Amino acid sequence: MKLEVSNVSFSYKQKNVFSNVSFSLNEGEILSILGPNGSGKSTLLNCIARLLKGEQGDIFLDGKSIYDYTMNEFARNIGYVPQNHTPAYAFTVKEFVVMGRSPYISAFSMPSDKDYNIAIEAIEMIGIGHLLTKPYTELSGGERQLVTIARAIAQQSKIILMDEPTSQLDYGNQIRTIEIIKKLSHKGYGIIMTTHTPDHAILLNDKIGIMDKSGQFEWGHAAHILNEEKLKKIYSINLKLVYLKEIDRLACVAEGI
Ligand SMILES: Nc1ncnc2c1ncn2[C@@H]1O[C@H](COP(=O)(O)OP(=O)(O)OP(=O)(O)O)[C@@H](O)[C@H]1O
């Protein structure tokens, strides 16, 4: 499955957010999108998720416009982990995650044992088996984020969009989630993730997209696109991109204040 975003521009009423955004994503690839607050990262994910429509350009899945897929076909191909999710009812974690199976369940049917098994597998993969019977409304922000990721994994869509999937997680769960994203890519899933943590993009070591303040988007492999000058410009601070031989990778660190 190949996703192609072709010259997409988006404005809220009179305010242009981004113009002529183009990139492609093949199966097994990860695109980490960096950019300052308000630059348009979530808006871009919402356009790919069909929640918003750009006024120009198109988005293709295997050469066919995303708008030409039925809702169910689309959901089997593209899953979405939003930044915040507030459910109306106190579903248990198990019931919430099995909702990821809805593109495979007909309107008048209930989830099958197979659907529950897939949901439980996703819950275990994320390491939240202890929350299985807990009502979603009684979870912490970070627990909700993990449960929402499990629901997207249970959906088994070929491409998963994740809007700041680690924003509410403790340091250990952040790194474990980054590991899970890498594992999913090895299984053939394509992942597009927004993040405010350059180290996450460095750890994933795949494609990086940078959305700047003026809505210009550039993308490429981490090795070609990520440098100190660009990171300083994105975040308007003094920072260093240093190679740490103890861990054999670059790390982004802020200078002293
Ligand atoms: N519903 C809306 N109506 C009007 N303007 C909006 C709406 N949603 C977002 N915006 C504006 O569009 C711009 C892009 O917002 P978006 O949420 O995509 O940025 P972002 O890069 O994801 O930000 P952050 O890193 O803070 O999450 C911002 O200037 C924001 O104020």
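What to note about this one:
- From the options PHE91, PHE108, PHE74, residue that is touching a Lys or Arg at 6+ places or on another chain (Cβ under 7 Å) and of a type in the set (Phe, Trp, Tyr): PHE74
- LYS41 in the same structural domain as ILE210 (by TED's automatic domain parsing) and without any contact (Cβ under 8 Å) to a residue 12 or more places away in the chain: no
- Single residue of the range 112-128 satisfying the filter (part of a helix (DSSP H, G or I) and open to solvent by 40 Å² or more (accessible area, probe 1.4 Å)) that is nearest to LYS41 (Cα to Cα): MET125
- Test result for SER109, of a type in the set (Gly, Ala, Ser) and not in a helix (DSSP H, G or I): yes
- For the range 45-68, a residue qualifies if it is open to solvent by less than 40 Å² (accessible area, probe 1.4 Å), within 10 Å of the ligand (Cβ to nearest atom) and either over 13 Å from TYR12 (Cβ atoms) or in a loop (DSSP other than H, G, I, E, B) (or both), and exactly one does: LEU45.
- Taken over the range 96-114, residues that are touching a residue at least 24 places away in the same chain (Cβ under 8 Å) and either farther than 23 Å from ILE181 by Cα or not polar (S, T, N, Q) (or both) amount to 8.
- Filter result for the condition that a residue is assigned to a helix (DSSP H, G or I), open to solvent by 20 Å² or more (accessible area, probe 1.4 Å) and more than 30 Å from GLY172 (Cβ to Cβ), over GLU73, GLU95, GLU143: GLU73
- Hey, GLU73 more than 16 Å from the ligand (Cβ to nearest atom), acidic (Asp, Glu) and free of Cβ contacts under 8 Å to residues at least 40 places away in the same chain or not: yes
The values are calculated or read from the model by the stated rules, or taken from the named source; none is laboratory data. Note that the structure is predicted; figures quoted are calculated from it, not measured. With ideal geometry, Cβ positions are generated from the backbone for all residues, glycine too; neighbour counts draw on all protein chains shown. When the accessible area is computed, the model is the full protein with side chains, heavy atoms only, and any ligands, DNA or RNA have been set aside. Shrake-Rupley method; radii C 1.70, N 1.55, O 1.52, S 1.80 Å.
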